[in-house]
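The values are calculated or read from the model by the stated rules, or taken from the named source; none is laboratory data. Small disclaimer: the values here were computed from a predicted structure and weren't measured. Methodologically, a virtual Cβ is constructed for each residue, glycine included, from the backbone with ideal geometry; neighbour enumeration extends over all protein chains shown. Quick note on the areas: whole protein, heavy atoms, side chains included, nothing else; ligands and nucleic acids left out. Shrake-Rupley method; radii C 1.70, N 1.55, O 1.52, S 1.80 Å.
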Amino acid sequence: MTDARTATIVGLGMSPQGRRLGISPRELRRQAIDAALADAGIGRELVDTCICFGVQPEDLRYAGLSPRASFALNSGGASPALSVVVAAGLIATGQADRVLSVYGEAFTGAAPRLEPNHGVAGRSDIGGYSYGYPYLYGLVGPGAVYAMAARRYMEVHGATSEDLAAVAVVERAYGSVRPGAVGYGRPITVADHQASRMIVDPLRLLDCSRPTDGGVAIVITSAERAADCAGSPVAVLGAGCGHNIANWWDGTMDERLGAAPDAARRAYAEAGVGPEDISVAQLYAPFTIATLMQLEEYGFCGEGEAPAFVRDGHTGPAGKLPTNTGGGQHSGFYATGFTPLSEGVLQVRGQAPTNQVPDAELCLVSGSGGNGGVHGSWAHVSLVLGRPR
């Protein structure tokens, strides 16, 4: 049975998602907040805690909020899933009753400007450009970091660029039928992937996500209070955190994304389930290699088996583990860790506008991002979402 204190997502709100929307980040956040509160069926006065990403001092006033506490999380793409973990702790300890977690950015409005001191003036693009001291040696941006992981994976397991292409094709197939997705109406083939230009070897253009504009917000409360909300409840059955900085010290930096064993093991244990019980997966995967690596790290297939797992159709709509069913960060939209989290909520609710997985009782959601001053040293958060038990 779900404990009365179990953190439960009762509201989900999303602004339009896309490129060059012409809407300010603050307005995108407000639109997402309005939609989340309406979905939950609660008024602004009931929100007692607000979690945002980056310091946004004017947001409370602009959105008409008056919480007891408001603070920012800064763990990159892991922040949305981490906000759920934080909210769960606040609710369990009685420090909060209803928590609003909100994100919104307009990345495609203007290009970032690099300063001589390697800082970024004004807005920065997704993930920032500096990865600690490796920046001094030319390691610029997350694409280079994922490319090194991809090269190692290919060398160790004999994977090919076509194996990466298979991931892109599946996710684009999902996105191509989802109205509003960046890949809507534009399916791709392996040949299309192979013809796309090289970005950072071995990653091609169609291996990489692109920044988009948009806002997302969720409302989190206890299972007990969820009964008084209008929104269809989604229980947070398990959660776990990990950090890839540990892999720096033992020399395994490019061997995994920090998902296993720490975050995944704890999330599964809290939920009392294993990978074989998961109905659908929503993975933080801005590059195709991240999908392959996480399929293995979460135990959905064995080491080196992810390419065959994808090729055999297991991540597709008729597979044993439909994955990134909204198109993911490649072909859906890029709202950092809110991309997989929002689709996970929709799937468990049975409300996905397309690609709804029948009987999606348990959803695995991952979030990854930030860094510990060295390349690839991301934080990682795992969530198991499900229907209240």
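Table for the structure above
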{"quantity": "Filter pass, ARG68 being over 21 Å from GLY180 (Cα atoms) and basic (Lys, Arg)", "calculated": "yes"}
{"quantity": "Extreme residue, surrounded by the most Cβ atoms within 10 Å (Cβ to Cβ), among residues of the range 353-366 that are farther than 20 Å from ALA78 by Cβ and β-branched (Val, Ile, Thr)", "calculated": "VAL357"}
{"quantity": "Number of positions in the range 318-342 that are of a type in the set (Ser, Thr, Tyr), more than 18 Å from ILE33 (Cβ to Cβ) and part of a loop (DSSP other than H, G, I, E, B)", "calculated": "2"}
{"quantity": "Residue within the range 97-115 that is part of a helix (DSSP H, G or I), at pLDDT 90 or above, touching a helix residue (DSSP H, G or I) at 6+ places or on another chain (Cβ under 9 Å) and acidic (Asp, Glu) present", "calculated": "no"}
{"quantity": "Residue match in the range 247-259 (condition: among the hydrophobic types (A, V, I, L, M, F, W, C), in contact with an Asp or Glu (Cβ under 7 Å, 6 or more places away or on another chain), surrounded by fewer than 24 Cβ atoms within 10 Å (Cβ to Cβ) and in contact (Cβ under 8 Å) with a residue 12 or more places away in the chain)", "calculated": "no"}
{"quantity": "Among (1) over 14 Å from PHE287 (Cα atoms); (2) in contact (Cβ under 8 Å) with a residue 40 or more places away in the chain, the one test that VAL190 misses", "calculated": "(2)"}
{"quantity": "Considering residues of the range 196-229 that are part of a loop (DSSP other than H, G, I, E, B) and not small (Gly, Ala, Ser) only, the residue nearest to VAL10 (Cα to Cα)", "calculated": "CYS229"}
{"quantity": "Residue among GLY369, GLY373, GLY350 that alone is surrounded by fewer than 23 Cβ atoms within 10 Å (Cβ to Cβ) and either free of Cβ contacts under 8 Å to residues at least 12 places away in the same chain or closer than 23 Å to ALA36 by Cβ (or both)", "calculated": "GLY350"}
{"quantity": "Looking only at the range 315-344, and only at residues there that are surrounded by fewer than 23 Cβ atoms within 10 Å (Cβ to Cβ) and within 20 Å of the chain's Cα centre (by Cα), the one that is farthest from VAL234 (Cα to Cα)", "calculated": "GLY316"}
{"quantity": "Residues that are assigned to a strand (DSSP E or B), open to solvent by 10 Å² or more (accessible area, probe 1.4 Å) and out of contact with any Asp or Glu (no Cβ under 7 Å at 6 or more places or on another chain), drawn from the range 20-58", "calculated": "PHE53"}
{"quantity": "Complete set of residues in the range 279-314 that are open to solvent by 10 Å² or more (accessible area, probe 1.4 Å) and in a loop (DSSP other than H, G, I, E, B)", "calculated": "SER279, TYR284, GLY299, PHE300, CYS301, GLY302, GLU303, GLY304, GLU305, ASP312, GLY313, HIS314"}
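Here is a yes/no grid of residues against (1) in contact with a strand residue (DSSP E or B) (Cβ under 8 Å, 6 or more places away or on another chain); (2) touching a residue at least 60 places away in the same chain (Cβ under 8 Å):
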| residue | (1), (2) |
| --- | --- |
| GLU58 | no, no |
| PHE71 | yes, no |
| LEU82 | yes, yes |
| PHE107 | yes, yes |
